[in-house]
Amino acid sequence: MSKNEIVIAVHGGAGTILRSKMTAEKEAVYNKGLTDALNAGYQILEQSGSALDSVTEAVRSLEDFPLFNAGKGSVYTHEGKHEMDASVMRGDTLEAGAIAGVQGLRNPILVARAVMEKSEHILLFGKGAEEFARSEKLVFETEDYFHEQHRYEQWQEALKDDKIILDHTEKKFGTVGAVALDAHGNLAAATSTGGMTNKKFNRVGDSPLIGLGTYANNKTCAASCTGHGEFFIRAVVAYDVSCLMEYKGCTLREACDIVVHDKLVKLGGEGGLIAVDAKGNVCLPFNSDGMYRGYKTSSGFLVSIYK
């Protein structure tokens with residue numbers, strides 16, 4: 001692929017609604033959510049915009065789409081709240097920003113981006129992150145904005161059994177993310193999530209942790225992960241893909257296969273990731289039944305759910 005290849009890939013979570021329960025109408029709605037996000041990010045790349053702007057805009061689009069577990073569609077915690085995490089990283093400077101455990105923010109990814117650009121820190125948490133977001137005049141919504149009947153029913157069901165559910169009973173990990181390569185050869189990655197249904201004690205997964213759920217480095221690749229966060233944290237997934245490329249000389253596909261289909265499987269970790277390398281190669285591996293995913297390049301377009 002030429003140096004000027006532009007690429008964007010997105011995910012709306014690994015693990016999917018069982019095929020037997022997926023209607024054609026519902027599948028069309030999911031596909032539209034992914035397509036809208038791809039188009040939003042691609043449009044920026046087409047106009048010679050940055051990979052950073054592209055992934056930010058794609059993830060913002062996914063956060064505004066209620067069927068994915070991020071932003072508007074975030075799941076309920078044990079206390080009946082919505083606690084959101086997000087992170088963003090740029091591959092040219094290795095700068096990054098992240099937030100965890102925030103409530104009421106319409107677009108957590110915009111706060112993560114502001115942390116990177118407007119503060120001297122990388123990760124802000126909870127009330128402090130919300131205070132920072134207010135100082136940056138970012139948009140807050142009332143609780144009813146985040147209410148989604150299906151999410152509410154999942155939470156009630158989880159409360160009954162007193163268990164944590166990975167987004168919902170069909171084991172759908174609804175984290176969203178985007179990775180991109182721009183015309184200038186720069187990479188970026190962004191990830192956002194509402195976490196696990198009925199989560200307690202301010203639990204935080206891999207999504208806001210740089211090198212675990214999100215990583216970008218112009219030397220290697222950009223990656224955004226989705227799955228059972230505890231395993232992704234232990235396996236240092238996003239950085240491991242980059243590491244295998246940088247130090248072992250693996251191709252993007254080889255690195256993704258080792259991490260997703262071997263290392264994670266041995267740990268018992270379910271999920272997947274999206275990645276793009278500095279040459280414009282795209283990889284969307286997962287070891288679950290499916291992953292809401294898609295990519296768009298100057299030469300191709302794909303939106304898919306199942307294997």
Condition broken by Thr214, with the remaining ones in (1) over 25 Å from Met22 (Cβ atoms); (2) surrounded by fewer than 24 Cβ atoms within 10 Å (Cβ to Cβ); (3) of a type in the set (S, T, N, Q) satisfied: (2)
Take the residues in the range 5-29 that are at pLDDT 95 or above and buried (at least 19 other Cβ atoms within 10 Å of the Cβ); name whichever of them is farthest from Thr297 (Cα to Cα). Gly12
Filtered residues of the range 68-119 (kept if out of contact with any Leu (no Cβ under 8 Å at 6 or more places or on another chain), in a loop (DSSP other than H, G, I, E, B) and buried (at least 21 other Cβ atoms within 10 Å of the Cβ)): Asn69, Ser74, Val75, Tyr76, Thr77, His82, Glu83
Output for the range 55-98, where each listed residue is charged (D, E, K, R) and either under 21 Å from Gly229 (Cβ atoms) or in contact with a His (Cβ under 6 Å, 6 or more places away or on another chain) (or both): Glu63, Lys72, Glu79, Lys81, Glu83, Asp85
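May I ask you to verify whether Asp53 is assigned to a helix (DSSP H, G or I), touching a strand residue (DSSP E or B) at 6+ places or on another chain (Cβ under 9 Å) and acidic (Asp, Glu)?
Numbers: assigned to a helix (DSSP H, G or I): yes; touching a strand residue (DSSP E or B) at 6+ places or on another chain (Cβ under 9 Å): yes; acidic (Asp, Glu): yes.
Yes: the conditions hold for Asp53.
Can you tell me which residues in the range 40-57 are surrounded by fewer than 17 Cβ atoms within 10 Å (Cβ to Cβ) and either at negative phi or free of Cβ contacts under 8 Å to residues at least 12 places away in the same chain (or both)? Can you show your working first?
Going through the range 40-57, the residues surrounded by fewer than 17 Cβ atoms within 10 Å (Cβ to Cβ) turn out to be 43, 46-48.
Hits for the range 40-57 are Gln43, Glu46, Gln47.
Scanning the range 133-165 for residues that are farther than 23 Å from Gly97 by Cβ and outside any helix (DSSP H, G or I), which turns out nearest to the chain's Cα centre (by Cα)?
Only one residue tops the list, namely Ile165.
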With criteria (1) touching a helix residue (DSSP H, G or I) at 6+ places or on another chain (Cβ under 9 Å); (2) at pLDDT 95 or above; (3) closer than 24 Å to Phe146 by Cα, Tyr76 comes up short on (2)
Residues being assigned to a loop (DSSP other than H, G, I, E, B), surrounded by 18 or more Cβ atoms within 10 Å (Cβ to Cβ) and modelled with pLDDT of 95 or more - total across the range 217-235: 4
Conditions (1) in a loop (DSSP other than H, G, I, E, B); (2) among the polar types (S, T, N, Q); (3) under 23 Å from Thr197 (Cβ atoms); number of the one not met by Ser299: (3)
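The values are calculated or read from the model by the stated rules, or taken from the named source; none is laboratory data. Values in this document were obtained by computation on a predicted structure and should not be read as measured data. A quick note on method: Cβ atoms are made from the backbone with ideal geometry, for glycine too, and the neighbour counts reach across all protein chains shown.
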